[in-house]
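S.K.: First, the structure itself, so that you have it in front of you.
The values are calculated or read from the model by the stated rules, or taken from the named source; none is laboratory data. Quick caveat, the model's predicted, so the values are computed rather than measured. Please note: Cβ atoms are built from the backbone with ideal geometry, for glycine as well, and neighbour counts cover all protein chains shown. Just so you know, the surface numbers come from the protein's heavy atoms only, side chains and all, with ligands and any DNA or RNA stripped out. Shrake-Rupley method; radii C 1.70, N 1.55, O 1.52, S 1.80 Å.
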Amino acid sequence: MNWWKHPRPDSLMGTLNSPVYLRWTCILQMFWLYALISATWLAKGFHWDWFIPTVLSMVVYVTCYMQVFFGPIRHMVRNCVTIMVMGFALWIVNPVSIGYVVISLSMLAFGQSPKPWLVATAACSLLTILWVNLFNIPTIHAWILPFVGVATGYGNYLYARGIRRDVLLRLSQDEISRLATLAERERIGRDLHDLLGHTLSLITLKSELARRLAIADPPRAQQEMEEVERVARHTLAEVRNAVTGMRAGDLGCELVSARLMLEASGIALSIDKPADLALPTQAEAALSLVLREAITNIHRHSRATEARVTITREGQAFSMRITDNGCGGLAAHGNGISGMRERIRQIGGRLAIDSPLKQGTELAIELSPVALQERVA
């Protein structure tokens, strides 16, 4: 059962990151095989001429069906077409086998391109008309198949496209984070090289001078060692700033990630911000995390079509507003909101929420001039 828990990476389940919905779809669509026999038995009575081919078709169906979800995705069209052809062949003696055709069409829509699904739906619709005329199949089937094939296929296509966009979004965000981390490491490396290369050389020279003067001129040697101590302390403070300091572009990078996430969800994001976003380290880190949480809430829960982030900076006064036109009704004291409030409170700011039901949500964050000045100092 390892293939069920950990599907191969090039399978449909693997490329879609094994979503729970798709797993349940895979299980539930197997139960229709009961109707394939029971409904036909009730309608036509038991006859070997339809019972034997129906049972044999189930073996082929289960094999191809599982291959669609857990086999190589490049073989998806081949497996779906096999089920489709088998359905038309069995249709002559078992009218319920129209389900084979419908399910194969719906599964084709999970593919990476909608073209096979659309072409197969058109071909099956024409072939159904021919089957109706040749084998006295009820005319209603000629209407049912294209309608159900298009309806179920379109839903599956939209679902799979959304999952793939989310997967690509996560990969994009991971890549952005990786590149940002790499850039930060390079920055710290450059800063440390520029900083320590000069100051360590200076400390070495003054230490050697103090050693030579220790006997000949002790007061001068003491003076040089005091200078070494001063330079060393100053260098230590600069090293700490270089190592612990965050990127000045953290909030800017978070805005880029926000745009990627929302646009992948079909939500248009507009950003209004000043050219210079220079903020104290602690304030920028907290604001970045709050922005990330707010954007995640919009992506997951708002059902919005538009969102906006407005950042203003007038002297030492700073404000950030995050709005959307979604369903509103955001709980003012939920866990996520409580976390955002706590982060803003720690940097001396204030967070206000306005989220009337069905009228969107606005998060307003303000940092006072005093709070920013205290953290710059």
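S.K.: Name the pairs whose Cβ atoms lie under 7 Å apart, with the first residue in the range 7-29 and farther than 14 Å from ILE163 by Cβ, the second assigned to a helix (DSSP H, G or I) and acidic (Asp, Glu), and 6 or more positions between them or separate chains?
M.R.: Qualifying pairs under 7 Å: none.
S.K.: Quick check, is PRO72 touching a Ser or Thr at 6+ places or on another chain (Cβ under 9 Å), free of Cβ contacts under 8 Å to residues at least 60 places away in the same chain and not β-branched (Val, Ile, Thr)?
M.R.: No; evaluated as a whole, the condition is false for this residue.
S.K.: Go through the residues of the range 307-319 one by one and say whether even a single one is in a helix (DSSP H, G or I) and closer than 22 Å to ILE176 by Cβ.
M.R.: The answer is no, given that none of the residues of the range 307-319 is in a helix (DSSP H, G or I) and closer than 22 Å to ILE176 by Cβ.
S.K.: Sticking with this one: Just wondering, is there one or more residues in the range 113-133 that are part of a loop (DSSP other than H, G, I, E, B) and under 16 Å from ILE73 (Cβ atoms)?
M.R.: Scanning the range 113-133 turns up at least one residue that is part of a loop (DSSP other than H, G, I, E, B) and under 16 Å from ILE73 (Cβ atoms).
S.K.: Additional query: Grab the helices (runs of 4 or more DSSP H) fully contained in the range 1-109, keeping just those with 2 or more residues being surrounded by 15 or more Cβ atoms within 10 Å (Cβ to Cβ) and under 34 Å from the mean Cα position of the chain (by Cα).
M.R.: 12-15, 20-28, 48-70, 76-91, 98-108
Quick grid of which residues meet (1) of a type outside the set (Lys, Arg); (2) farther than 30 Å from ILE163 by Cα; (3) modelled with pLDDT of 85 or more:
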| site | (1), (2), (3) |
| --- | --- |
| ARG292 | no, no, yes |
| ILE295 | yes, no, yes |
| ILE298 | yes, no, yes |
| HIS301 | yes, no, no |
| GLN316 | yes, yes, no |
| GLU342 | yes, yes, yes |
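S.K.: Another question, if that's okay. Return only the number of the condition from (1) modelled with pLDDT of 80 or more; (2) surrounded by fewer than 15 Cβ atoms within 10 Å (Cβ to Cβ) that ALA183 does not satisfy.
M.R.: For ALA183, the exception is condition (1).
S.K.: Run down ARG292, ARG341 and say which single residue is touching a helix residue (DSSP H, G or I) at 6+ places or on another chain (Cβ under 7 Å) and charged (D, E, K, R).
M.R.: ARG292 is the lone residue from the list that is touching a helix residue (DSSP H, G or I) at 6+ places or on another chain (Cβ under 7 Å) and charged (D, E, K, R).
S.K.: Just for the range 344-377: of the residues that are open to solvent by 80 Å² or more (accessible area, probe 1.4 Å) and modelled with pLDDT of 75 or more, which one is nearest to PRO280 (Cα to Cα)?
M.R.: That would be GLN346.
S.K.: Across the range 136-146, what is the total count of residues that are assigned to a helix (DSSP H, G or I) and loosely packed, with under 12 Cβ neighbours inside 10 Å?
M.R.: Final tally of qualifying residues: 1.
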